[in-house]
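Presented below is the structure to which this report refers.
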Amino acid sequence: MASHIFEPSGSLETDAHLRLIQKVDWATTSLGPVDDWPPELLLLFHLIILDPQPRILVLGPEYLLLYNEAYAEFIGEKHPAAIGRPMQIVFPDTYELAISDLDKASATGRPYIKRDICLPLMRGGRLLEIHMSWVFVPFPKKSGSLTGTSVILRDETEKRLSDRRHETYQSLGSSVNLATDMSSLWDTILESLSKRYVRKG
């Protein structure tokens, strides 16, 4: 029996997330009911639930999504409907790209890292620019019928924005040094910002 994985964890947030996972009708998926999950999957599930970083298990031929609280926060309004759903249904716009990355890891049997991916995501009713690095770790071939990939996400949005602000300050500082009067000051500032907008946009 796998019911022990849904026992109270001591965290109200984690327990609420576990209840959402428990409500999914897994019997209708390729994974089957939770009580039939292999020990390897139960162990992976336990590990991602405890991880404070966004973690996903992409499982089976349907590419079903099983993820932790941190990833739930990351995908915003797509949670909790995304739990146990095929990736193609949850992320139709980025599905082909994601499958390509998953296949690269699966083909080699080795981790595959994709850095600084910019994703537009809805959070709190706003469309935001999110920068992430992804680590794809395929399940070992000896896992038998259990197929899938463990995906670790690293949110680099704050670092990216900080770097961008630093570059902007430097560019503005150079523009100020080139100005000879108030009129040319504003012209050089606007030109600097315009160039940076075009390059980053």
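Give region 121-145 a look and list any residue that's outside any strand (DSSP E or B), closer than 23 Å to residue 72 by Cβ and modelled with pLDDT under 90, or say none.
Residues satisfying the conditions are 124, 125.
What do you reckon, is residue 169 of a type in the set (Ser, Thr, Tyr) and at pLDDT below 80?
yes
Within region 21-40, identify whether any single residue is out of contact with any strand residue (DSSP E or B) (no Cβ under 8 Å at 6 or more places or on another chain), in contact (Cβ under 8 Å) with a residue 40 or more places away in the chain, assigned by TED's automatic domain parsing to the domain that holds residue 79 and more than 23 Å from residue 86 (Cβ to Cβ), and answer yes or no.
No, the conditions are met nowhere in region 21-40.
Would you kindly identify the helices (runs of 4 or more DSSP H) lying entirely within region 1-113 that contain at least 2 residues that are over 19 Å from the mean Cα position of the chain (by Cα) and on the phi < 0 side of the Ramachandran plot?
12-23, 39-50, 95-108
Just a yes or no: is a residue in region 34-56 of a type in the set (Lys, Arg) and loosely packed, with under 14 Cβ neighbours inside 10 Å?
No, the conditions are met nowhere in region 34-56.
The values are calculated or read from the model by the stated rules, or taken from the named source; none is laboratory data. Because the structure is a prediction, the values reported are computed rather than measured. In this analysis, Cβ positions are derived from the backbone assuming ideal geometry, glycine residues included, and neighbour counts consider all displayed protein chains.
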